[in-house]
Ligand SMILES: NC(=O)c1ccc[n+]([C@@H]2O[C@H](COP(=O)([O-])OP(=O)(O)OC[C@H]3O[C@@H](n4cnc5c(N)ncnc54)[C@H](OP(=O)(O)O)[C@@H]3O)[C@@H](O)[C@H]2O)c1
């Protein structure tokens, strides 16, 4: 197959897309390309000033772009519920949902407003709740739903007995668990969509490694040598945010995509390269654990898929 690029994105005119974490990094690149292809794109983020700047940047590149910012702080379930409520009140079916936002390997255990461990709450639980609350609008459009996973899912374990890492917090295993949870969520949503006739195309993607704010916002918060070294390392082993966004754009727009697929870069160790099928680690295919994680997520968030 020829290398897939943004030129292969089909016309998205008439579609409504939502991208979380669209104020920077991969989310902004994803929103930009969806808007360039004609979709109306809602940029979701926690920072209004950054959201406006992201919208302005997209419009400066594509003057006809239909983009707007909506606030939703994924570290606050009430904010996620309020955003979903605004969407439900407007009633417009949603064609594409890209659950992209995330934080990585926070050095110390922090908690969300709802008391969830910060990485689990931001990266996974809020996206679970958002998807559940938007379900009527997603099914109405037979939507494409994309969860952002990571190579980190390979070392991830779902700690059903202590999902929140109340015992023995370690930044990287906690991050890996959230990214495994996102991949398992995509696969479980695909299974449940088939069982319940929701007609969603539920898929996942990862980007390998790309130069974004993720390191500075996480393991190297506060800047300094760690931030500089982390940035240098990613520049060497990874690719740009624009290239990194290709697997999720492929997942969101390629007509041949079917539910349960996983996309990532095709280069060495899937760190960079053109987009294509990604490798799913065995533990992500455990449907029993996925079902238990789903039940726990409904209980924790109070958001139910119906
Ligand atoms: N970069 C990589 O090498 C890499 C590798 C594997 C996976 N990923 C995944 O790719 C996704 C995008 O990351 P990125 O690299 O683009 O990082 P980034 O540049 O730090 O962007 C993360 C985005 O998430 C948003 N966000 C963080 N916390 C939020 C919250 N509480 N509520 C709403 N939005 C929030 C950020 O908003 P602010 O602008 O307000 O900070 C930003 O828009 C993440 O899911 C990450 O796990 C990245």
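From the P(r) of the range 67-205, can you give the percent of Cα pairs sitting at distances over 21 Å? The partial results should precede the final answer.
Numbers: 4026 of 9591 pairs.
Taking all Cα-Cα pairs of the range 67-205, the fraction more than 21 Å apart is 42 percent.
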Let me have the 222 nm mean residue ellipticity of the chain computed from DSSP H runs of 4+ only, each contributing -39500 (n - 2.57), with the sum over all residues rounded to the nearest 500. -13000 deg cm²/dmol
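Antiparallel as a % of all DSSP beta bridges within the chain, to the nearest 5? The partial results should precede the final answer.
Working: 4 of 30 bridges.
Rounded to the nearest five, the antiparallel share is 15 percent.
Between residue 235 and residue 71, take the C-beta separation as r, use R0 = 51 Å, and let me know the FRET efficiency to the nearest 0.05. Don't skip to the answer; put the middle values down first.
Numbers: r = 32 Å, r/R0 = 0.62.
That gives a FRET efficiency of 0.95.
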Can you give me the relative contact order of the range 230-279 as a percent, contacts being Cα pairs under 8 Å and 6 or more apart? 34 percent
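Please give the FRET efficiency for residue 279 paired with residue 192, using the beta carbon to beta carbon distance and R0 = 22 Å, rounded to the nearest 0.05. Before the final figure, lay out the partial values.
On the way: r = 24 Å, r/R0 = 1.07.
Calculated transfer efficiency: 0.40.
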So between residue 172 and residue 242, what do we pick up on full extension, going 0.36 nm a residue minus the alpha carbon distance? 22.7 nm
At a 10 Å Cβ-Cβ cut-off, how would you order 175, 165, 262, fewest neighbours first? 165, 262, 175
Length gained if residue 86 through residue 298 is fully extended, taking 0.36 nm per residue and subtracting the Cα-Cα distance, is 74.2 nm
Starting from the Cα of residue 62, step 7 Å along the direction of its Cβ; do the same at residue 268; then give the gap between the two resulting points in nm. 3.4 nm
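Given all pairs of different Cα atoms, what value in angstroms does the Kirkwood hydrodynamic radius of the range 128-205 take? It would help to have the intermediate numbers written out before the result.
On the way: mean 1/r = 0.0745 Å⁻¹.
Value: 13.4 Å, from the Cα pair sum.
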Between residue 108 and residue 52, what length in nm is gained on full extension when 0.36 nm per residue of separation is reduced by their alpha carbon distance? 17.1 nm
Per residue convex hull volume, Cα atoms of the chain, in Å³: 124 Å³
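Among 187-195, 5-13, how do they line up by average Cβ neighbours within 10 Å per residue, starting with the highest?
Details: 187-195: 18.8, 5-13: 13.7.
Packing order, densest peptide first, comes out as 187-195, 5-13.
Sorted by packing (mean other beta-carbon atoms within 10 Å per residue), highest first, where do 26-33, 14-21 land?
On the way: 26-33: 27.8, 14-21: 25.1.
Taking the mean over residues of other Cβ atoms within 10 Å, the ranking is 26-33, 14-21.
A short reminder: the numbers here are calculations on the coordinates, not readings from a lab. What you are looking at is a predicted structure, and each value in this text was computed from that prediction instead of being measured. Note that each Cβ is placed from the backbone with ideal geometry, even for glycine, and that neighbours are counted across all protein chains shown.
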